[in-house]
1. Give me the net charge of V404's neighbourhood, meaning all other residues with Cβ under 12 Å from the Cβ of V404; Lys, Arg count +1, Asp, Glu -1.
2. Can you pull a Stokes-Einstein diffusion coefficient for region 208-248 at 4 °C (1.567 mPa s), Rh from Kirkwood over Cα pairs, as a whole number of µm²/s?
3. Residue by residue through region 277-289, which ³J(HN,Hα) values in whole Hz follow from phi under the Karplus form 6.51 cos²θ - 1.76 cosθ + 1.60 (θ = phi - 60°), with glycine and proline marked x?
4. Could you check the spin-label model distance between A341 and A274? Points 7 Å from the Cα along Cα→Cβ, value in nm.
5. Give me, ordered by chain and number, the residues 5 or more places off K370 or on other chains with an amide H under 5 Å from its own placed amide H.
6. Collect residues whose amide H, placed 1.01 Å from N in the peptide plane, falls under 5 Å from the amide H of L139; neighbours closer than 5 in sequence don't count.
7. Restricting the count to DSSP beta bridges whose residues both fall in region 370-462, what percent are antiparallel, rounded to a multiple of 5?
8. Which loop-located trypsin sites (Lys or Arg not before Pro) does region 355-462 contain, where loop means any DSSP state but H, G, I, E or B and the Cβ has at most 15 other Cβ atoms within 10 Å?
Amino acid sequence: MYFFEEQVLDKDRIYLRSEKEGSVTYGELDCFCKEMGTHMEKRTLVFLLCQNTAGSVLGYIACLRNRVVPLLLDCKMDYNMLKDLICHYEPDYVFAPKGHQGYSPDERTQLVYEAYGYNLYDISKETETKLNEDLALLLTTSGSTGSPKLVRQSYENIQSNAESIVEYLELNEKERPISTLPMNYTYGLSIINSHTLCGATILLTEHTMFEHEFWEYFKAEEATSFGGVPFTYEMLKRIQFFHMDLPSLRTMTQAGGKLSRALQKEFALYAIKAGVKFVIMYGQTEATARMSWLPPECVLEKAGSIGISIPGGAFSIVDGELVYEGKNVTLGYAKCKEDLAKKDERHGVLYTGDLARKDEDGFYYITGRKKRFLKILGSRVNLDEIEQILKGRYKDVCFACTGVDDRLDIFVEKGAGLCSEEIVDFISKKIKMNDGVLQVRQIDSIPLNHSGKIHYRELEEM
């Protein structure tokens, strides 16, 4: 039985606690899914404009349960990008927050259902959208919310990954995770999936971890866990997280990029002192969510490692590239409406695009991206490695590296108060590179995408 289907549970158990809508029980979830299902035809396509609210999560579960395929999008995405996607894929429905400024129904649309602050619009169209029978969910590729390139996930993909996460994190119905990431981002969605599977209570807030209202809600609702990307943990240190009193906290997870070794060790030491599990994870949208985890008892000894493969998965290294096999490897990409009918193109094998090594104990380490290389004066330069060297030298400073062959661009925030000449001198000596090919660019802030990762494309266009 899939995690999103009606379960034999205590129907009065709280499924969601939302700052906006209050509590929703598992019994009310079942009723909502049945009601919404009467307004949608099965095997159709819906654009779901996501928020961390009850209406958004319930709409997602209702789509899966009724065999309607949702494309999850940030409700704050640019209007023109949304309009282009609608023209590109021609959805049958749009599920959007009431009064949403980015979606304007036209004469082709009809409001057919409304609940929990959301409206369901039926879009009349002349042609039918053909969907592969295994297709369950569509997500944008990381960092490209406006791109027509989507990841096709199957019902088996999301079920197997949720089961694996529940197993290695040892989740149960007593968990109370709090939302810290967008649900249209694969990491944020995996938290919803895994905790729905184990019958937990999910706490929803649209406040960020950098607002005092978030921590008030965290304490009032006795949240037990949160997840974050590297930027999240960099900022947590800045806001004096180590001095907070959070007696209900049991687990912290990190994914979405490589955390510096120094910061990983700081949070590991905090976790040991506080009696909290700190779990480093690695994943991609193309693998549904998670591919590896670093057991918390190894987080100090194996600092910098992504750990071992998740239950049910397996790693290998082919010509330096990390390759993953498992039931959570997705069906492939879609670049147009016709691609939604495609069959499984990966057959459980994913070439990650990450370069990696394995140590003598079987733990894996990401050493860079296959495409994050430049050729400088005839030598290959790993941009991720340069960033890690800089972060190791200048603690708590955010750097980003881009460039073209024979020119390396190093971006740093003006507020860090660093001298460009000093950075150039340090890197040129550290990696034995002519300082004439280095360029330091001081900017107001490093741009981040919706999931908190560095937006390299925007930097390249500066």
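Quick note: the coordinates plus some simple rules give every number you see, no bench work behind them. Model, not experiment: these values are computed from the prediction. Here the Cβ positions follow ideal geometry from the backbone for every residue, glycine too, while neighbour counts run over all protein chains shown.
1. Values: positive: K375, R407; negative: D405, D406, D409, E460.
Once positives and negatives cancel, what remains is -2.
2. In µm²/s, the coefficient is 120.
3. Those phi angles translate into 7, 10, 10, 8, 9, 9, x, 8, 4, 5, 10, 6, 6 Hz.
4. Between A341 and A274, the label points sit 5.2 nm apart.
5. Result for K370 returns D354, L355.
6. V151, Q153
7. 65 percent
8. Of the trypsin sites (Lys or Arg not before Pro), the ones in loops of region 355-462 whose Cβ has at most 15 other Cβ atoms within 10 Å are K370, K371, K395, K432.
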